[in-house]
Each structure stands twice: as C-alpha cells, then as structure tokens.
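Data block below; observations after.
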4 protein chains.
Amino acid sequence: MSIRVLVWNENEHEKKNALVKKLYPDGIHNAVAAAFKGQPDITVATATQDQPEHGLTVERLKATDVLFWWGHMKHGDVDDKIVERVQARVWEGMGLVVLHSAHFSKIFKRLMGTPCALKWREAGEVERVWVINRSHPIAAGLPEYIEIEHEEMYGEPFSIPEPMETVFISHFEGGEVFRSGVTYQRGAGRVFYFRPGHEAYPTYHNPQVLRVLLNAARWAHNPAPAWTSINDAPNVPHDKAPVPLEVKGPRLHADGEAGHR
Amino acid sequence: MSIRVLVWNENEHEKKNALVKKLYPDGIHNAVAAAFKGQPDITVATATQDQPEHGLTVERLKATDVLFWWGHMKHGDVDDKIVERVQARVWEGMGLVVLHSAHFSKIFKRLMGTPCALKWREAGEVERVWVINRSHPIAAGLPEYIEIEHEEMYGEPFSIPEPMETVFISHFEGGEVFRSGVTYQRGAGRVFYFRPGHEAYPTYHNPQVLRVLLNAARWAHNPAPAWTSINDAPNVPHDKAPVPLEVKGPRLHADGEAGHR
Amino acid sequence: MSIRVLVWNENEHEKKNALVKKLYPDGIHNAVAAAFKGQPDITVATATQDQPEHGLTVERLKATDVLFWWGHMKHGDVDDKIVERVQARVWEGMGLVVLHSAHFSKIFKRLMGTPCALKWREAGEVERVWVINRSHPIAAGLPEYIEIEHEEMYGEPFSIPEPMETVFISHFEGGEVFRSGVTYQRGAGRVFYFRPGHEAYPTYHNPQVLRVLLNAARWAHNPAPAWTSINDAPNVPHDKAPVPLEVKGPRLHADGEAGHR
Amino acid sequence: MSIRVLVWNENEHEKKNALVKKLYPDGIHNAVAAAFKGQPDITVATATQDQPEHGLTVERLKATDVLFWWGHMKHGDVDDKIVERVQARVWEGMGLVVLHSAHFSKIFKRLMGTPCALKWREAGEVERVWVINRSHPIAAGLPEYIEIEHEEMYGEPFSIPEPMETVFISHFEGGEVFRSGVTYQRGAGRVFYFRPGHEAYPTYHNPQVLRVLLNAARWAHNPAPAWTSINDAPNVPHDKAPVPLEVKGPRLHADGEAGHR
C-alpha cells in the first residue's frame, strides 16, 4: 500500500505578497507536494489552514501516514483542538515533517516540550546544508552538502531537546550555524524538522531540497498498525497478572476503576 | 549558595482518606521535604495546590532551583497558566523532579510531548527498583536494588520519549517491568521522573527512597544563571553578523522586525 | 534486491555437548537461519568459527547486508584481524545482530567501547521479554511480552553505552531485570543486541523469538551504498574549499600530505 | 577533596619543530595545565609519551580523576597495553577529555567504536566555536561563540557515535562545519571531545579555550567511588536470587563457575 502524504500549508503569504505569489503561484503546499509526484510508493494530497477544521478532520488524519507542515504568520490562529488532534495522531504512528518557520508552530512546540526558538536574519545569504549523518535514509542521494544561493539565516542556540539523530548542520554566509535536520520519536510517530524553505526564495524548487522531502516521507512512515490505545492507562487486575498474585495491604482503588488524569 | 528546593503537593488524598492521613499526617509534601532536612547545601519549602496560584507565584518559582511535584486526583484542576509558568521556569534552568502518579500531570506531559501513559495495579506487591546506571549521581549510595514491600504496580509500555539516561528499572511481583528512573533535559532545566510513591503505602518513609530524592535535588540543580532569553527569537541585523554581509535578494521583513509566532 | 543475511556461529557447544546437539542437531546457526527461510526479501547463508578465516573472508562480508553473531566458549580464539574486518564492514553499513552470550564477543565490545558485562544464573527460570518500544520495527507482530519457559538469567547492570533505543526489557523468575533488546548506530551500520538464546534451551525454536530475528534483519539492513571511505581523513586544499580561501599563518603540513594516525 | 587532573601529551612536535617550540616552550601539556592553576578545587600534573609506561602507571591512573589527552604524530606508538589500562580506568569512573588531533588516538577510537575520521585543512582560517547547549556546565561563562583567529579546519562527516550531548558546533572560514564539543558516557567515565588546539597556533593560550578546559575537568569528574567490578560477570546462585528459586531444566554450568569470555 502507498504511503499517504498530506502537505499542510498556512497559505497566507501566497495570497498577500506578490513576490511569494510569483515564486509559488499554486502555494507552497503544491511546491512541496511536487516532491512526491510520480513516485509509485506515495500518494499525495494537500490541506490549508483556511479550510474547515484547517483541512485536518479526524477522517483525513486517519487516512494520512505522513503530514508535512508549513506555517509562519498564523501559528497563533491554529485551533488548539486541531493541534491536539494532530498530536494524538502522531502518537498513534503518523509521521510529521516540520518545515522551516514551523519551528514555532503549536504542534512542533507541543511535541518537543521546549521553546524551539532561534536567531534569524533575512539577507538572502548563502546556506550550506552539510550532511552529517551520511548513511541516514533522509540523506540518500545527496552530495556532501546542499548549497542554497539565497536563504534566511537561522542561528543557534535552537532551543530543542537533544535530537535522536542530527542529520544536517547548516552554516550561513554571515557566520552562524544551525542544526537544520533533526529527528525525534514521539509515541509511535517519527518527527523530522527540516530548516530550509523561506517564502521569499525559490527553495522548494531546488531538486536537492525536494529529494530531502521525498526521503523524509519514506523515513517518517511507520507501517505498524496505528497504536490507538497509546493514551490509555489500563488497570491490570491482580488475577490477570503474568505471575499469580494475591492482593496485599490497603487499597484506595476499586477493581476495574479508571485511573486519575 | 544553597540549592533551594520546593516540594509541591496536590494535598488531597491526605485530607479525604484516613489511611493516607495516618501515613502522612503532615501531607506527602512534608514527608518528601524530610529528605532534605539537615543537609547543609539545601534549603527546602513546600507548596500545595489549594494555595493561591497553587503556591507557585512568579516570585516563588524565581527563587526555586529544584521543584518536586506530586499530584494525582486533581491533575485536571491545575491552572494552565501556572503550568505554562512552571514550564517556562524549567526552560530557564529550574530542575523538576516528577513523582509517581505525576506522570499524568500537565507539566510532565507538556515537557515530554507524549501521553506518559502506563499500566497499573494496586495490589500491595513487592517492587524491586534495580540500579541500571550505577555511577549516576542519582544512584549515589544505593545498593544493587531498592526493595519496597508494598507498592502500586506501573507497567510498560510507558509512553515517554526515549530518555537521556535510564537510571532505574523496576520489576513487580506480578511480573511487570517499568523504567522507574529516567532523565531528560528541556531547555536549561533537568527533569527526573521517579516512580515509587503510592499514597496508600509508606514509601516516602523509606530511607533509600529519600536518598534518591536527595540525590535528585543535587543532580537537577543547574547552577548557571537563569536563561531568561531562551524563548526569544532575536533578529540579527546584517551589519551585526559575525562575518560582514550585504543584503542580497528580496526581503519580506523590515529591519528589527519581530518574527511571527 | 534481497537482504543478504549471514548467520555466524561459534559452533562448539553443538559438537561437545549431547544436550545442545539434541536441541540443535544442525547447529545454532541453522536454527537461527530458519527464521529467514521462505521470506521473499531475504537470502540466508551460514558461517562458523572453524572455517578458514572463520568463514568471514573479505568477499563474503562484502556480500553480506546483515550479520548475526552467536559465540560463547571461544570468544578469545576469534582472530583480531577478522574482528577488525567485521568492524570495518559494520562502519561501511553492514547490519550486525548480536545474540545472547555474544555480549562478550570481541566484535560487540569493540563496537560498544565498554565492558558489556552482566550478572548471570543458569537455573532454567521463566523469562518475560517485555515490549517497551511497541511501534519499533523490531517489535512488529509481537504481543505485550514473549514468555520463555526456561532461560538463563542475565541481570543488570549491563555495562553498555546508553542505547539509541530500548526495545525490550526482560525480567526473570528470580527477580532480576535486563535490557534485552537495544539498538545502536556505528558508522553506517546498525547494531542490535538481543538477549535470549542460551544453548541449553530450545529458545531458537520459539516462533516469537524467530519473529524478532526476522524483524531485526529487516531493521538492520541499510540499503545505502557501502560507505567505503568512512575511515579516510581527506585533506581539503584551500583552493577547493566551498568558500575561496587564502592560506594565512604558519603551516606544518605540506599540500596533499596525509594526516597522522 | 580536590579533582586530580593529569594532562598527557605526546610531546613530539615541541621537540622537532621550532615554531611549535616557540609557541609552547614548556610543551602543550604545560599550556593545558595552566588552565587549572590557582583553582582551589583542582590539582594538576602532567605526563608525556616518552616517559616509562608513557607516564601512565597503574598507580598514577588510580590517583587521577580526569585525564586530558593530546596526541598526533605518534598515535601508533602508544602501547596497546597502556591504552587498555586507560580504558579500564575510564570504565571505573575516570573522566577523559580528548583534545584536537587525539580524535585519532587509540583510546578515543576504542571508547567510541567508530573510525573518528574527518576532513581537514591547515590554512590558518578563522574558527567560530558556537555554543549550542548554552546551559551545559562545559559552556559556563562563555559568550555566544569563541572566535579563534587561526585554526586548522576539521570538517564533517566526523564518524563518531551520535553524542549524548552536542555542546559546541564550529564553522570555518572556508565554509565547513564540525561538531567541536561532544559528550559521551562509557561505564562510569565521562568523555568529552574538544576540537580546537592545532600545534601551529597559540590556541591553548586563548582564555576562552582555557575556560572550556577548566569547565570540562569539573564536568568530567565523577565523585562516585571507582566501579572496580565493572568488568566482572558474577554468577548469582539460585539460592541467592532476590526471589527464592529452584533450578529447573538442564544445565551446562556448574555452581560458581566463571562465565566464558
């Protein structure tokens, strides 16, 4: 069965700014989606923030294996209920690829538990995205580094938890460095943050950047059945324990009672 | 300067249940606080959920180096604003030690980004807390394992992120296992989860358990100045870059503009 | 293309001990190899310590994607040159699955950099191998735990580096616990240690144990081209740097000189 | 009691090269040792490769809490027996700080289990050592980055295991990046690799570099008693198990027998 990718985009800069509209006439979501076109193992769809439920209904998320997320100006307008829904689906096993300015998205901050802050500068400088973990699936088919002619600078310290794996580190013409490709696991879901992708530049038309996105979709896909019970806290009665057991000492809970949350 | 420990407790079971009241006549918070009494390098205070702002005012948190947290029945009643305040203080560098049923506290779930769920059983069975990472500061002075005569069972899978360090693993008479001592870093703050401590048993009177709490306070203390700017996203102007830089290409942001959140 | 699995066995107990011979008449290597029989994506072969070059010639390792390793009595007789050859091949990307008593094999100790010691007892007790990381590919298709009627006990502390992922934790009838399934990455190669498999018991005829081995082969397979240059330390001349550069200050090395090792 | 630091140096460039002799007239070891002079909590001594047993006798290592290691031209001449002795002492709890070209030392490669290779260039270019993990004890008292006017370039991929913590990342004038401060734990011993320190430049006279060395000594010090039994594999007899146990099934080992290695 195919990997079902859903590309989500705030889709605001494209409406408001002539430059962005020219670079991404069909929206950043469709530029990202192009990374998966023609791949026999992947099907791709898009969703945007202005749709009902931000295009992320329960059914749609259930039918999504890997979600890509681009947002910037309207992070604060994303409904907390939808964020919780996405988070719960990641825990069940949906992969999540967080792009560029979405480091400050509600969903990424919730999954990380940290501020996810950084330094920045918009000066069109050269970014070199060095491949640190050369044998990682997300780096498949890449040269030593990706050179991007014009990009926004993001600089350390990037206040994220220590990553599971550091795949890419960027440096910028102005002298800063940044961990630009990092992986995490949250519940059954794999999470990948990828830095490049400022809306003022044609980054999502760069074939090597698109290759990273394609690799990331395959890496983030967890083929295991959804772990729908991951948020449960089941009581195991004493007579169902692996080793036969008599109840000893005092008790506060009755048999079969639900735990406190 | 001393390590300023604050022990926070929901303090509800102690009021409502005769058994718990008998075990902990001064509340679980005071039993935990006893772990630090007489230590020349530590000062200790307590706070409870029923106090104004749950006893966790801005000033009080600012004056706290390590916060211990015990909660169970009233997780849901903890004010989200206070939870955000505690989280921000952890990011700045305050240590947090999360006890037993507080695996389901709002603050722990927010810092982990995962459900933090588990299996459980209240049958007064024996728990053996094995020391896995023998040279870890939190295990200082302990034997091979702590044997607790009566404890509530917590069983895997415990839906937490892969820990930075696994210090303890418990097994229970009924046959389950559990990662009962795990460490994390979130921003500048160190986080330790420690499993034992069911309110129906005298666990917090066990000298080896108290030794773990004492060790944890010292381990979780970060002597660095508070990282108060950790949530900022400063713009670095092109003429302040480490390497002299001219602006190239188009821009969407004006100089000195704040980033979107 | 298939995943090319090679199962390596010391093959000594099977010759010397009637009990082991009865349990594994074709050797432990063939019992392990049975895990992969009939799988369309895997081809399997075996090698033993008594063969020339321990059956691990340069050509054979080059043609191996995942190596399984069982050894016990004759760890000390494995040729250091062959161990170095296997290690170099792991760095290039060959997966390695280390079984049971091979925790003390030269190859595992070299890849870990630690003693890899543990406690043990041979008493035929029940082992329960709990699935901790339920969504991990190595746990695919397993129930909550694997129950093995008779196994040798291994107890913590297991002196290994903190794992990349803890997949399984065992407890034993006598009360000990053990991290019985742990993953690592070394260079481009993935390493998995799996505890069960004492030669005195029919563990490698247990279908759930065989399922773990099958899962492990798929997980440990790195489809990337072999990273044959991983041990090189190339000099990058100043005129080949990504950013044009003049040599400044004094130098000790001549252009194109090899670095010291 | 003081932290007993021992600074070990190959001490070869200083004898053979006029430039290095001028920069470090008393040897690199004494320049490094200067970092600890006048600190009330530290005592410091030095040892060099040309001394008997490389200055690393059993007694001396036993009396060392943190060992600093600088080597380059003569890695291959370090006696394997001494390397094993140092490794065993790290396992027991001695801290190890590995400097610059010692990435290729036998002791670092053995503890990592990987090639520890990298790219390099000697062009006197500017290195900026960015502080990534700002609240880490090793970064105490540092600004955003350390700027070093002339340094040798080391470039990724650096073939090390994924670090426990990434404290520093450097970029170089020529455009490369490098994880220049990384931490590990091996047994009870803490290991820190720190990149700067090419013999042709006055790096070890830079006060910020010396501050890192001082911080590293304090961080790497494990005050726990030496874990001298870490390499043992004790048999736990069935009648000494935490839970009373009868021997079941067949056995290959006799009571009290030593395990195979």
*Taking C:Trp8, C:Trp219 and counting other C-beta atoms within 10 Å, the order from fewest to most*: C:Trp219, C:Trp8
*Taking every pair of Cα atoms in the range D:198-261, average 1/r, invert it to obtain the Kirkwood radius, and report Rg/Rh to two decimals.*
1.40
*Place a label point 7 angstrom from the Cα of A:Asp239 along the Cα-to-Cβ direction, then list the residues of the range B:98-137 whose backbone nitrogen is under 15 Å away.*
none
*Which value, in debye to the nearest 20, describes the size of the charge dipole of the range D:165-261 about its Cα centre when Lys and Arg Cβ atoms bear +1, Asp and Glu Cβ atoms bear -1, and nothing else is charged?*
140
*asked:* Suppose you put the label 7 Å out from Cα in the Cβ direction; list, shortest first and in nm with one decimal, how far B:Ala258 is from each other copy's label.
replied: 4.0, 5.9, 6.9
_the range C:47-102: translational diffusion in µm²/s, Stokes-Einstein, Kirkwood Rh over Cα pairs, 4 °C, 1.567 mPa s_ = 112
*Out of A:Ala188, A:Asn231, A:Val212, whose Cα points farthest toward the positive end of the dipole of the range A:183-261 (charges: +1 Lys, Arg; -1 Asp, Glu; placed on Cβ)?*
A:Val212
*Relative contact order for the range B:28-79 using alpha-carbon pairs under 8 Å, separation at least 6, rounded to a whole percent?*
27
*For the rotation that superimposes chain C on chain A, which residue of C has the C-beta lying nearest to the axis, and at what distance in Å?*
C:Met164, 4
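Give the shape of the range A:80-185 as rounded, prolate or oblate, defined through the alpha-carbon gyration tensor: a ≥ b ≥ c are the square roots of its eigenvalues, a/c under 1.5 means rounded, and otherwise the shape is prolate if a/b is larger than b/c and oblate if not.
Oblate is the answer for the range A:80-185, as a/c is 1.5 or above yet b/c matches or exceeds a/b.
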*asked:* Placing the label point 7 Å from Cα along the Cα-to-Cβ direction, what are the distances from B:Glu246 to the equivalent spots in the other copies, shortest first, in nm to one decimal?
replied: 1.9, 8.8, 8.9
*So, in nm, how far is label B:Glu84 from label A:Glu246 when the simple model puts each one 7 Å beyond its Cα toward the Cβ?*
5.4
*For helix D:207-220, report the angle its Cα long axis makes with the longest principal axis of the Cα atoms of chain D; keep it between 0 and 90° and round to the nearest 10°.*
0
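Using the C-alpha gyration tensor of the range D:13-62, what are the square roots of 5 times its eigenvalues, in whole angstrom, with the largest one first? Write down the numbers at each step before the final one.
Details: eigenvalues 99, 66, 4 Å².
They are 22, 18, 4 Å, listed largest first.
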*Sticking with the crude label model, points 7 Å out along Cα→Cβ, report the distance from B:Asp26 to D:Asn17 in nm, one decimal please.*
6.5
_Reference-scaled alpha-carbon Rg (2.2 N^0.38 Å with N residues) for the protein assembly as shown_ = 0.92
*Treat the range B:1-132 as a sphere of radius equal to its Kirkwood radius over Cα pairs and apply Stokes-Einstein at 10 °C in a medium of 1.306 mPa s; give the translational diffusion coefficient in µm²/s, rounded to a whole number.*
101
*Directionally averaged projected area (convex hull, Cα atoms, the range B:71-141), nm²*: 6.7
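Kirkwood hydrodynamic radius of chain A from all distinct Cα pairs, in Å?
Details: mean 1/r = 0.0509 Å⁻¹.
Final number for the Kirkwood radius of chain A is 19.7 Å.
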*When the dipole is taken about the Cα centre of the protein assembly as shown, and only Lys, Arg (+1) and Asp, Glu (-1) are charged at their Cβ, what size is it in debye, to the nearest 20?*
0
*Sort out for me the Cα centre separation of the range D:81-116 from the range A:187-261, rounded to whole Å.*
37
*For the range A:157-254, taking Cα atoms only, what is the radius of gyration to one decimal and the Dmax to the nearest whole Å?*
22.7, 68
*In nm, one decimal, shortest first: how far is the label point of B:Glu59 (7 Å from Cα along Cα to beta carbon) from the matching points in the other copies?*
5.6, 6.0, 8.2
*Which of D:Met94, D:Pro115, D:His75, positive extreme of dipole for chain D (C-beta unit charges)*: D:Met94
*In degrees between 0 and 90, to the nearest 10, how far off the longest principal axis of chain A does helix A:80-92 point, with axes built from Cα atoms?*
70
*Using unit Cβ charges (K, R positive; D, E negative) and no other charged atoms, how large, in debye to the nearest 20, is the dipole of chain A about its Cα centre?*
380
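Can you tell me the relative contact order of chain A? Whole percent, Cα pairs under 8 Å, sequence separation 6 or more. Walk me through the numbers on the way to the answer.
Working: 521 pairs, mean separation 49.7, N = 261.
Relative contact order here is 19 percent.
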*asked:* Over all directions, how big on average is the projection of the convex hull of the alpha-carbon atoms in the range D:139-210, in square nanometres?
replied: 5.7
_Using the basic label-point model (7 angstrom from Cα toward the beta carbon), what is the C:Ala63 to D:Arg261 distance in nanometres?_
3.7
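Read-outs: derived from the displayed coordinates by stated rules, not from any lab. Note that the coordinates shown come from a computational prediction; the quantities given were computed from them, not determined experimentally. Reconstructed Cβ throughout: ideal geometry from the backbone, glycine too, with neighbour counts over all protein chains shown.
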